[in-house]
Amino acid sequence: MNHVIDTQTDKRTYGLFGVEKSEITLTLIEMSPNTFGLAFNAKWSGLVSGHQASGPFQVTGNQNKIVHQGPDIRVEITDWSLDQAHRKLSMRCQIHVDLTKYGLGTVLVYDQALSGTYGAMTPQQMLAVLTQAMEQA
């Protein structure tokens with residue numbers, strides 16, 4: 001199914017001379033009814049360059065976990081709000097990377113809110129909405 005709810009990109013420059021750059025895109029996805037996930041696409045350049053894309057990985061609410069070691073990459077999801085009545089989902093995601101071995105400490109490489117509506121209406125739900133709209137007209 002994988003219905004896209006929202007996509008946000010965060011471009012950052014960091015380091016002493018601003019030569020370290022990252023561009024991370026997260027896509028919030030409805031993987032199946034009431035099951036949500038994040039897919040990511042990350043590019044970075046500077047002392048180390050690379051590209052990585054993967055997912056979607058299931059997310060179920062606020063969480064804070066290490067998703068990779070060497071370097072440690074910590075993903076923090078906060079402000080999770082799932083409004084099933086209106087089919088809306090919102091959350092904030094921050095990604096922190098431990099670049100201590102490069103003399104940069106822990107760096108915030110992503111900080112964006114993702115939100116939107118999810119779920120296609122069934123024919124019965126669509127009929128109910130149309131009936132309600134006609135009654136109010």
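Every number in this text was worked out from the coordinates using simple rules, so none of it is lab data. It should be emphasised that the depicted structure is a prediction, and the values quoted were computed from it without experimental measurement. Here Cβ is always computed from backbone atoms with ideal geometry, including for glycine, and neighbour counts include all displayed protein chains.
Some points to look at:
- The test for being hydroxyl-bearing (S, T, Y) and within 28 Å of G18 (Cβ to Cβ) holds for S49.
- Within segment 14-41, the set of residues being more than 28 Å from Q84 (Cα to Cα), outside any loop (DSSP other than H, G, I, E, B), in contact (Cβ under 8 Å) with a residue 60 or more places away in the chain and not aromatic (F, W, Y) comprises E20, S22, I24.
- Candidate set from segment 86-124 (those that are aliphatic (A, V, I, L, M) and under 16 Å from I5 (Cα atoms)); member that is farthest from the chain's Cα centre (by Cα): M121
- For S54, the stated conditions do not hold, so it cannot be described as out of contact with any His (no Cβ under 7 Å at 6 or more places or on another chain), under 17 Å from T117 (Cβ atoms) and of a type outside the set (A, V, I, L, M).
- Those strands (runs of 3 or more DSSP E) of segment 57-136 in which 3 or more residues are out of contact with any Asp or Glu (no Cβ under 8 Å at 6 or more places or on another chain), over 17 Å from F40 (Cβ atoms) and without any contact (Cβ under 8 Å) to a residue 60 or more places away in the chain occupy 73-83.
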